[in-house]
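Undergrad: Got a structure here, written out as structure tokens. Questions coming.
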Amino acid sequence: MKPIPAANADTQAYWEAAAKERLLYQVCGGCSHTLSYPRGVCPRCHSGDLAWRESSGRGRIVTFSIVHRAPTPAFKADVPYVLALVDFDEGFRLMMNVLGDDALDTKIGDPVEVIFEARGEAQDKLPQARRTK
Amino acid sequence: MPARAAITGVAETDIGRVEGSTVMSLHSQAARDAIADAGLEPEDIDGVLCGYSTVEPHMMLSSVFCEYFGLKPTFTTAISAGGATACIMLATAAALVEANKCRHVLMVMGDNRLTGLSRSGTVAALAGVGHPQFEQPYGMTIPAAYALVAQAYLHEYGIGRDELSALAVTGRKHAGLHPKAQMREPITLEDVADSRVIASPLNLLDCCLISDGGAAVVVSSSAAARDLPNVQVEVLGTGQGHTHEHIFGAPSLTSFGCADSSRIAFGEAGVKPADIDVTEIYDSFTITLLVELESIGFFEKGEAGQAALGGALEIGGRVPCNTHGGLLSFGHAGAAGGAFHIIEAVRQLRGQADARQVANAELAFVHGDGGILSAHCSTVLGRV
Ligand SMILES: [Zn+2]
């Protein structure tokens, strides 16, 4: 079975929002730094004053790879699949798969938007990317 | 005068498929041989540094080893920093003898990933370094994470397939000169290009091997080393650089902590890249070696591949590199993989590298990187 993210206290708000198909990120109240993934402290100024914001869901492909060798049997049926780093317009970066019929045409710089993939029996939602024209 | 650190003993086990091996038997064989190589007895060892095992993980690996092998050190701990482990152990061992906390530190590591785990078991275990919430759910493998770097790096500097392949071809050529290397059949640029895609742009022959093997190194205070039989090899400088763990948290995809770690190590040693006679640099993938050769300053950005195509990394070239064949062709057995680079550097400096000998090698540079170009440790070694 593909891994289903297990939220902890740092990430609970992120995954609860994802379940409602909303993509959240954190901004530091101490230094205005945009965090790359949710945590309990700002890695720049070490403040714990972090606020949740909602992303537009639009971003660009920073880099990608077409994966032919799956990490576990659960991903075998998906190969070849696209693994990418996406920089969202608000300035945070996430790892995602690029989904959609044209995913294998992915190039660096391509604009993408967030979509949500249902995973597992509980249909948890995983933020993913889709190329936009 | 402060004590200095010397590498007095080195040994590796057989590499590749070592039938009947266990994690601890590989540790023990390497330890016994390295202690003997140093001209010491096990009772002389007062410090022990271990690494980690993916086949038989344990939270107290150094205690497990000391019990199994029969040592009662006055200092021991385990270090777990992926591919940087061996170089960080060397830096730690050097600091211990320089501070007069120990006279003879044994650093020992080994894993039987080939016979102890299935290939898929190894791939799955290693993928566990990915972030459990933000990377693993996306099917990230270690090769795929390095492929993300490769794609960005090739794009930024306009590097082509053959320039990556040249690093694998050179490593294999060197491995052919080492009787213990796991893969010794020569390969061509076409072989690398035609090998199956693992995670684009990385093909099978861009990726390191999976091996059984063990390695051990004895680090002694230079005062204690004077009475020992081998040509003295001193640790002249060490440095580390750490920027991230997870690749999606890396501050840059083209510039990494090896720039800092090497600058510190060269500074401590009072030398510059051009002074180095032989380099042994972590090559978990061709892209790893390419990035490191350029960031460390042996080549300008975007130029290492072309130089490799022209033979610059060969024995007799401008920057002889991975003269044992590296992780790509000699072997890769977990933490021991990075130790093979140290052992080869020592043999080069002692003049014991046989057909692989770089003429008059007096200064060596050894580098390890763990994670996804995350944790870097550089060392400069010299014959005295
Ligand atoms: Zn801050």
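Undergrad: Go through B:ALA355, B:ALA361, B:ALA312, B:ALA308 for me and flag whichever is part of a loop (DSSP other than H, G, I, E, B), in contact with a Leu (Cβ under 6 Å, 6 or more places away or on another chain) and not acidic (Asp, Glu).
TA: Answer to the selection: B:ALA361.
Undergrad: Next question, about the same structure. Given B:VAL235, B:VAL218, B:VAL149, which one is under 27 Å from B:GLY121 (Cβ atoms), crowded, with 24+ Cβ neighbours inside 10 Å and of a type in the set (Val, Ile, Thr)?
TA: Answer to the check: B:VAL149.
Undergrad: So, in the range B:137-162, of the ones that are over 21 Å from the mean Cα position of the chain (by Cα), at the interface with chain A (Cβ under 7 Å from one of its Cβ atoms) and not small (Gly, Ala, Ser), which residue ends up farthest from B:SER284 (Cα to Cα)?
TA: Initially, the range B:137-162 is screened for residues over 21 Å from the mean Cα position of the chain (by Cα), giving B:137-140, B:148, B:151-162.
Subset that is at the interface with chain A (Cβ under 7 Å from one of its Cβ atoms): B:137-140, B:148, B:151-152, B:155.
Those still in the list that are not small (Gly, Ala, Ser) too: B:137-138, B:140, B:148, B:151, B:155.
Values: B:PRO137: 23, B:TYR138: 22, B:MET140: 16, B:LEU148: 14, B:GLN151: 16, B:HIS155: 20 Å.
Among those that are over 21 Å from the mean Cα position of the chain (by Cα), at the interface with chain A (Cβ under 7 Å from one of its Cβ atoms) and not small (Gly, Ala, Ser), it is B:PRO137.
Undergrad: A:LYS125: more than 15 Å from the chain's Cα centre (by Cα) and either of a type outside the set (S, T, N, Q) or farther than 15 Å from A:TYR14 by Cβ (or both), yes or no?
TA: The answer is no for A:LYS125.
Undergrad: Scan the range A:21-68 for residues that are within 16 Å of the ligand (Cβ to nearest atom), in a strand (DSSP E or B) and polar (S, T, N, Q) and jot them down. Can you show your working first?
TA: So in the range A:21-68, the residues within 16 Å of the ligand (Cβ to nearest atom) come out as A:25-53.
Now narrow it down to the ones that are in a strand (DSSP E or B): A:25-28, A:34, A:50-53.
A:GLN26, A:THR34 - these are the residues of the range A:21-68 that are within 16 Å of the ligand (Cβ to nearest atom), in a strand (DSSP E or B) and polar (S, T, N, Q).
Undergrad: So which residues in the range B:331-352 are buried (at least 22 other Cβ atoms within 10 Å of the Cβ) and of a type in the set (Gly, Ala, Ser), if there are any at all?
TA: Result: B:GLY331, B:ALA333, B:GLY334, B:ALA335, B:ALA336, B:GLY337, B:GLY338, B:ALA339, B:ALA345.
Undergrad: Also: Quick check on A:LEU83: is it away from the ligand (no atom under 16 Å from the Cβ), touching a helix residue (DSSP H, G or I) at 6+ places or on another chain (Cβ under 9 Å), closer than 17 Å to A:ASP124 by Cα and modelled with pLDDT of 95 or more?
TA: So A:LEU83 fails the test.
Undergrad: Please determine whether any residue of the range B:120-128 is within 11 Å of another protein chain (Cβ to nearest Cβ) and outside any helix (DSSP H, G or I).
TA: Looking for residues that are within 11 Å of another protein chain (Cβ to nearest Cβ) and outside any helix (DSSP H, G or I), one finds at least one in the range B:120-128, hence yes.
Undergrad: Still on this structure, please answer the following. Which members of the range A:94-108 meet the condition of being surrounded by fewer than 22 Cβ atoms within 10 Å (Cβ to Cβ) and facing chain B (nearest Cβ under 7 Å)?
TA: A:ILE108
Undergrad: Just for the range A:1-20: of the residues that are under 13 Å from the mean Cα position of the chain (by Cα) and not in a helix (DSSP H, G or I), which one is farthest from the other protein chains (Cβ to nearest Cβ)?
TA: A:THR11
The values are calculated or read from the model by the stated rules, or taken from the named source; none is laboratory data. Values in this document were obtained by computation on a predicted structure and should not be read as measured data. Heads up, the Cβs are rebuilt from the backbone with ideal geometry, glycines too, and the neighbour counts pull from every protein chain shown.
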